[in-house]
Amino acid sequence: MDLFQETRLTPFPLDDGALSVLPQLPLRLPNAEVLARLIAETDWRAESITLWGKQHLQPRLTAWHGEAAYTYSGLRLAPLPFSPLLLELKHAVEAACGQRFNSVLLNYYRNERDSMGMHSDDEAELGAQPVIASLSFGASRTFILRHKRTKQTLKLGLNDGTLIVMSGNTQTHWQHGINKSTRAIGPRVNLTFRYIY
Ligand SMILES: O=C(O)CCC(=O)C(=O)O
Ligand SMILES: [Fe+2]
């Protein structure tokens, strides 16, 4: 057992933004149990989105929990209530961040063919400098950050139990996403905690 396991977020250098990383968020339940329960207990949806006037099925499953509806890519997600497990995770994330959240978007990447296109979480209801806390369970995936103007690209391995927090001007200046892979990858669930105004 690692007696000196870090329990605090550590800043990660980022031009024109702010990013911090905690390799393992302290939790009461083992990561594997959280993953299994999130997969089994979540009301997963395969949503269609409209891109350039055409309907597409998103390459992953999603669920939106919180107090308010959320609209992105022409999609309006009505909120489901927080389950006891989601509340427990929210409290653990809030303790690590020193910040409150009222919503969470869950993304289920079933295998290496699931992905998320490059985007910024910059919808008006997130406010000018959104704090987005992203918690991952299951298979490791590479999180790609790309600066909109300089095209500087950073790659961050998001592992089982890892928390990252994007804040400041990150959403104004950077895009982020998760690529598909040609290598077999097991299931992963990512939760992005947000504050909707
Ligand atoms: O799965 C991830 O790590 C990224 C999720 C994300 O960017 C989002 O939910 O907006
Ligand atoms: Fe995002």
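The values are calculated or read from the model by the stated rules, or taken from the named source; none is laboratory data. Remember, it's a predicted structure, so these values are computed and weren't measured experimentally. Ideal geometry is used to build each Cβ from the backbone, glycine not excepted, and the neighbour counts take in all protein chains shown.
Collect the residues in segment 1-40 that are among the β-branched types (Val, Ile, Thr) and closer than 17 Å to Leu158 by Cα, keeping them in residue-number order. Result: Thr7, Thr10, Val21, Val34.
Cβ separations smaller than 9 Å between residues 6+ apart or across chains give the following pairs from segment 171-182 residues that are charged (D, E, K, R) to residues that are surrounded by 14 or more Cβ atoms within 10 Å (Cβ to Cβ) and modelled with pLDDT of 95 or more: Lys180/Pro59; Lys180/Glu112; Lys180/Asp114; Lys180/Ser115.
Summed over segment 111-159, the residues that are touching a strand residue (DSSP E or B) at 6+ places or on another chain (Cβ under 8 Å), without any contact (Cβ under 8 Å) to a residue 60 or more places away in the chain and not charged (D, E, K, R) give a count of 14. Taking the criterion of being surrounded by fewer than 11 Cβ atoms within 10 Å (Cβ to Cβ) and among the hydrophobic types (A, V, I, L, M, F, W, C), the residues of segment 52-73 that qualify are Trp52, Leu57. Which one is farthest from ligand 1 (Cβ to nearest atom), of the residues in segment 102-125 that are part of a loop (DSSP other than H, G, I, E, B) and acidic (Asp, Glu)? Looking at residues that are part of a loop (DSSP other than H, G, I, E, B) and acidic (Asp, Glu), I get Glu112.
Using the structure shown, decide if Thr62 is hydroxyl-bearing (Ser, Thr, Tyr), more than 15 Å from the chain's Cα centre (by Cα) and modelled with pLDDT of 90 or more. So Thr62 does not fit the description; no. Taking the condition within 13 Å of ligand 2 (Cβ to nearest atom), surrounded by 14 or more Cβ atoms within 10 Å (Cβ to Cβ), over 16 Å from Leu9 (Cα atoms) and among the hydroxyl-bearing types (Ser, Thr, Tyr), does Ser134 pass? No; evaluated as a whole, the condition is false for this residue. Residues in segment 126-141 that are assigned to a loop (DSSP other than H, G, I, E, B) and within 24 Å of Arg183 (Cα to Cα): 2 in all.
Scanning segment 168-197 for residues that are out of contact with any Gly (no Cβ under 6 Å at 6 or more places or on another chain) and among the basic types (Lys, Arg), we see that the one that is nearest to ligand 2 (Cβ to nearest atom) is Arg194.
Scanning segment 5-51 for residues that are within 30 Å of Ala128 (Cβ to Cβ), surrounded by 15 or more Cβ atoms within 10 Å (Cβ to Cβ) and among the hydroxyl-bearing types (Ser, Thr, Tyr) turns up just one, Ser20.
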